[in-house]
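To start, the structure itself, in structure tokens.
Taken together, the values in this text are just the output of simple stated rules run on the coordinates, not laboratory data. Since we're looking at a predicted model, the values are computed, not measured. As a convention, Cβ positions derive from the backbone with ideal geometry for all residues, glycine included, and neighbour counts pool all protein chains shown.
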Amino acid sequence: MLAKRIIPCLDVRNGKVVKGVNFEGIRDVGDPVECAEEYNKQGADEIVFYDITASFEGRGVFLDVVRETAKKVFVPLTVGGGIKTVDDIRETLRAGADKVSVNSQAVKNPQLIKDGADIFGSQCICVGIDAKKIADHKWTVYINGGRVDMGIDLIDWVHQIEKLGAGEICLNSIDADGTKEGFDIEMLQAVCDNCNIPVIASGGAGKINDFAEVFEKTGATAALAASLFHFKELTVQEVKTYCRAKNIIVR
Amino acid sequence: MIAIIDYGAGNIFSVKNALDYLGLENRLVSDKESVISADAVILPGVGAFPAAMKKLEATGLVETIKDEASKKPFLGICLGMQLIFEKGYEFGECDGLGLIKGDVRKMEAPELIIPHMGWNKLEKLNDCRLMNGIGDNEYVYFVHSYKADCADENISAYCEYGGRVPALVHDGKFVYGAQFHPEKSGDTGLKILKNFGGLI
């Protein structure tokens, strides 16, 4: 049986791992290659690097981090942030990423999903979505790190990206992100019910039971967290041991 | 020296990184002489079956690969494993390398999430040297939407995902194929690659 994946996410700026709360109040927490190695030791099923650098120079440093990590860590690496073109995807994969995560740019130019999937395969195109609730059972898609509401219905967007060839969705709840009150179960289930590709739950993990809950109550095949693992409130191993005790299949 | 065939299909650097890490001498190659002089060959690959076959044909290596795979250890990984079979049915019928009898078809089952993406448990079926030292509860990383359909005798290990999915196949001689990514499967994957290096 396929195991549920536990995925730590590293937000990287200028070659350093940082972690923001609600995308603000960013502070440095360490060397990304060392962090990735540590997560690998803890049993992380995949590692996500998110580039929050806005400059061209920062991009080079960021890809060096990916390159160095890929020499030492032999689990899948997903890289997101700042990917705007097919050439960006190619460069990122060549640096050692196994998948790229596209978010804002995919909303602005959905063709990027199709082109990326056609050239590199659906398996390496993960579409990141930031969404926020606007009414009962209704959410809209945001871009630019959760700052700009595009007024696009979440479920419509999910249908569209699946058709374009997305291989996976990383669904982040703006409402839950940073709250530590658990994943956004309602939104995740709505998305899982409306697509046939893997969905990664993101945003809101604060305690160990949140991981068990998201796997028990939704069809998410993976759960992602950043600050929780960074600040060593929990280790990946602890989360897995807990899930295993709850009869959730983990590696 | 292990030749990693570079034909423009997928993340060959991951395979190289893993072999480097294990201290197994290797080179990315795309010419006949290098494949012929190598001690073992790895055919990586991600993407679609016909596109990859076309790229492989463009390198002029198809006949060389078929010859060499009968003389020295040969490992196809992911799409490279699928190309080992006689035919693929991704976007229509397409001939493969035909190193092992069988074909490659879309994974289908009600409610099955596709691609099969993530870590799944290896279930042993037939003895195979690449599985040396691999326990009964080890997981490897898969990402694919098509699976091989071949005889049980060629399956060294499988996993369960909407039915039995051949994970590690072997022709009984030199040809091996891994549907999963050993280069992305943590310590278990590294052990399997090390075992492959040990065949030289």
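Within 10 Å of each Cβ in peptide A:116-128, how many partner chain Cβ atoms are there on average? Round it to a whole number, please.
Across the residues of A:116-128, the mean count of other-chain Cβ atoms within 10 Å is 4.
Count, for each residue of A:38-50, the Cβ atoms from other chains sitting within 10 Å of its Cβ, then give me the mean as a whole number.
Numbers: counts 0, 0, 2, 0, 0, 1, 1, 5, 5, 0, 0, 0, 0.
Taking the mean over all residues of the peptide, I get 1.
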Quiz item: Two-decimal Rg/Rh of the protein assembly as shown from alpha-carbon positions, Kirkwood Rh?
Solution: 0.96
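Can you give the average number of partner chain beta-carbon atoms within 10 Å of each beta-carbon in peptide B:46-53, as a whole number? Don't skip to the end; give the middle numbers.
Numbers: counts 7, 8, 4, 0, 0, 3, 1, 0.
Mean number of neighbouring Cβ atoms from other chains: 3.
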Practice problem: Grab the other residues whose beta carbon is less than 14 angstrom from that of A:E38, score K and R as +1, D and E as -1, and report the net. | Solution: -1
Quiz prompt | Rg/Rh for chain A, where both radii come from Cα atoms and Rh is the Kirkwood radius | solution = 0.93
Exercise. As a check on your grasp of the helix formula, calculate [θ] at 222 nm for chain B: sum -39500 (n - 2.57) over DSSP H runs of n ≥ 4, divide by the residue count, round to the nearest 500.
Key: -7000 deg cm²/dmol
Exercise. At a Cα cut-off below 20 Å, give the aspartates and glutamates reachable from B:K124, other chains included and same-chain residues fewer than 8 away excluded.
Key: B:D136, B:E138, B:D149, B:D152, B:E153, B:E160, B:D171, B:E183, B:D187
Quiz item: Mind listing the phi-derived Karplus ³J(HN,Hα) values for the range B:100-114, rounded to whole Hz, using 6.51, -1.76 and 1.60 with θ = phi - 60°, and x for any glycine or proline?
Solution: 10, 5, x, 9, 10, 10, 4, 6, 9, 6, x, 6, 6, 6, 10
Quiz item: If you place +1 on the Cβ of every Lys and Arg, -1 on the Cβ of every Asp and Glu, and leave all else neutral, what size is the dipole of the protein assembly as shown about its Cα centre, to the nearest 20 Debye?
Solution: 480
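Please report the relative contact order for the range B:2-197, taking Cα pairs under 8 Å with a sequence separation of at least 6, and give it as a percent rounded to a whole number.
Numbers: 445 pairs, mean separation 39.5, N = 196.
The normalised contact order for the range B:2-197 reaches 20 percent.
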Self-check item: Cross-link reach list, aspartates and glutamates versus A:K217, counting only Cα pairs under 18 Å and skipping chain neighbours closer than eight places
Solution: A:E181, A:D184, A:E186, A:D193, B:E111
Quiz prompt | Amide proton proximity set for A:N144, modelled H, under 5 Å, gap of 5+ | solution = A:S104
Quiz item: Ranking B:M1, A:M187 by Cβ neighbours within 10 Å, fewest first, what do you get?
Solution: B:M1, A:M187
Quiz prompt | Loop-resident sites, the range B:22-94, for trypsin sites (Lys or Arg not before Pro), counting at most 16 other Cβ within 10 Å (DSSP) | solution = B:K71
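Counting other beta carbons within 10 Å of each Cβ, put A:K84, B:K106 in order, fewest first. Walk me through the numbers before you get to the answer.
On the way: A:K84 14, B:K106 10.
Result, fewest neighbours first: B:K106, A:K84.
In whole percent, what relative contact order does the range A:157-215 give with Cα contacts below 8 Å and a gap of six or more residues?
On the way: 82 pairs, mean separation 25.0, N = 59.
42 percent.
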Quiz prompt | Order of A:I119, B:I84 - criterion: other Cβ atoms within 10 Å of each residue's Cβ, fewest first | solution = A:I119, B:I84
Quiz item: Which cross-chain or sequence-distant (5 or more) residues have an amide H under 5 Å from the amide H of B:E138, H modelled 1.01 Å from N in plane?
Solution: B:L122
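Set the bar at 18 Å for Cα to Cα. Now go through A:K71/B:K16; A:K180/A:K207; B:K71/B:K147 and name every pair that lies beyond it.
On the way: A:K71/B:K16 9 Å; A:K180/A:K207 7 Å; B:K71/B:K147 26 Å.
Flagged as over cut-off: B:K71/B:K147.
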Quiz prompt | Vicinal HN-Hα couplings computed from phi for the range A:61-69 (Karplus, 6.51 cos²θ - 1.76 cosθ + 1.60; Hz; Gly/Pro x) | solution = 4, 4, 5, 4, 4, 4, 4, 5, 5
Exercise. Check cross-link reach from A:K114 to the lysines: straight Cα distance under 18 Å, and skip same-chain residues fewer than eight apart.
Key: A:K84, A:K99, A:K163
Practice problem: With the Cα gyration tensor of the range B:2-197 in hand, give its eigenvalues times 5 under a square root as the equivalent ellipsoid semi-axes, listed largest first in whole angstrom. | Solution: 23, 20, 15
Exercise. Please list the non-local residues whose amide H lies under 5 Å from the amide H of B:A157, H modeled 1.01 Å from N, same-chain partners needing a gap of 5 or more.
Key: B:L125, B:N126, B:A167, B:L168
